[in-house]
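Reading through the structure tokens given below for one structure.
Just so you know, all these numbers are worked out from the coordinates, no wet-lab data involved. The model shown is predicted, which means the values in this text are computed figures rather than measured ones. Using ideal geometry, Cβ is built from the backbone for each residue, glycine included, and neighbour counts are taken over all protein chains shown.
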Amino acid sequence: MSRLNKELQLRKNCILYTYLLKSLNKEVPEYIQECADSEDYDFLVDCGKELAAEVQTLDSKTFDTVFKNESAEAKELSHWWEMYQMYIPLPS
């Protein structure tokens, strides 16, 4: 069965949010972890705003540590953040 783009993106957001929280040594809420782990897409949640809010709290050193490493997750999160800022402008 084909997945809708929205379903794919919701799960990807949860995966990226999980990566970010773990990188910051923060606890991952159970509902976010369930969404990230759900290969059947049974537990999807929209955590994009929470992910963006968490990114906005990062100081520059932490931002560089999380975003500018060679992991696939860091690269995907960096791309997600660039797209988020282009399509959902942040207040100046």
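By the beta carbon rule, with partners counted only under 4.7 Å, the chain holds these lone Cys residues: 47. When only the Cβ of Lys, Arg, Asp and Glu is charged (+1, +1, -1, -1), the dipole of the chain relative to its Cα centre reaches about 340 debye. For the chain, adding -39500 (n - 2.57) for each run of n ≥ 4 DSSP H residues and dividing by the number of residues yields -20000 deg cm²/dmol at 222 nm.
The ranking of 14, 47, 35 by Cβ neighbour count inside 10 Å, starting from the fewest, reads 47, 35, 14.
In terms of packing, defined here as the mean over residues of other Cβ atoms within 10 angstrom, the peptides 64-70, 16-22, 50-56 line up highest first as 16-22, 50-56, 64-70. In the set [x] 17.5, 53; [y] 13.1, 43; [z] 12.0, 34, which value of Rg and Dmax of the Cα atoms in Å was calculated from the structure you see? Computed from these coordinates, Rg and Dmax of the Cα atoms in Å corresponds to label [y].
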